[in-house]
Amino acid sequence: MYLVTIENNGVETVINEVSTNTDNRVSGTIKQGINTINSFTFTILPNNQGYNLINPMTTLVKVLNTKTNKNEFIGRVLSPTHSMNSNGLVSKTFICESELGYLLDTYQSYEEIHNVTVKGYLERLIRVHNANTDSNKQFTVGNVNVIDNNDSLYRYVAYDTTRKNIDDDLIDKLGGELQIRYENDIRYLDYLTEIGKVCSTEIRLAKNLQDLEQNIDVSEYCNRLVVLGAKLKIKD
């Protein structure tokens, strides 16, 4: 169902084939979210042809859903972990981040900007990003339907990462969601009020809901609360 490939300098290698009758298999998990840098974590064994071809920050990873013919993850490899179990079986586990992580690589130059549209401001940030990174990490601003009430932004571009400027000056103030979209091999960055659609599909445990996890934050809990009154002021 999932075809996983890695790419180094334009050379593509399959590390997870659809057929089960092969050594080229990996086990992995994709984590996705709204306005987050998605991640793909996978473990690979030495008999896989791509075992020694994966390099941090340079190897590109793609996960293709062969049923929908859509890529569910495209990104780069980050940190590796080398392991050996009690039976002597060695393996490597890699954490990958999606293409939105490229926006963390570049820093913006300080500028005070007046009378610019939402799309114009995003285009300004992406223009600086593209000028300071490799061609394979560049974006083209695509569809933008998030609006400002005045349609005239007044912003201070901070000397910080491109991603932080987008978060601080657009998403945190105006809302909206980022989306990467490919069309004719062009990587578009869309900024939309909402991504996705409403559907009537039933969510059922063990059918289309495979995992469920609940985290409880106890950092604000206390086992005893002592209420102290105000100090008395004694008049002379």
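The values are calculated or read from the model by the stated rules, or taken from the named source; none is laboratory data. Bear in mind the structure is a predicted one, so any value in this text is a computation, not a measurement. Ideal geometry is used to build each Cβ from the backbone, glycine not excepted, and the neighbour counts take in all protein chains shown. For the accessible areas, the whole protein counts, side chains as well, though only heavy atoms, and no ligand, DNA or RNA atoms are used. Shrake-Rupley method; radii C 1.70, N 1.55, O 1.52, S 1.80 Å.
Among residues that are at pLDDT below 95 and touching a His at 6+ places or on another chain (Cβ under 8 Å), VAL90 is included. Residues in region 91-112 that are open to solvent by less than 20 Å² (accessible area, probe 1.4 Å) and not hydroxyl-bearing (Ser, Thr, Tyr): PHE94, CYS96, GLU99, LEU100, GLY101, LEU103, GLN108.
Picking from residues in region 137-163 that are in a helix (DSSP H, G or I) and touching a residue at least 40 places away in the same chain (Cβ under 8 Å), the one that is most open to solvent (accessible area, probe 1.4 Å) is ARG163. The residues listed here are ASP167, ASP172; of these, the one that is farther than 24 Å from LEU60 by Cα, open to solvent by 60 Å² or more (accessible area, probe 1.4 Å), within 18 Å of the chain's Cα centre (by Cα) and not aromatic (Phe, Trp, Tyr) is ASP172. Could you go through region 172-191 and let me know if any residue there is among the aliphatic types (A, V, I, L, M), in a loop (DSSP other than H, G, I, E, B) and modelled with pLDDT of 70 or more. No: zero hits. For region 84-100, the set of residues classified as part of a loop (DSSP other than H, G, I, E, B), of a type in the set (A, V, I, L, M, F, W, C) and free of Cβ contacts under 8 Å to residues at least 40 places away in the same chain is empty.
Every listed requirement among (1) loosely packed, with under 12 Cβ neighbours inside 10 Å; (2) at pLDDT below 95; (3) under 30 Å from VAL61 (Cα atoms) is met by ALA131 save one, (2).
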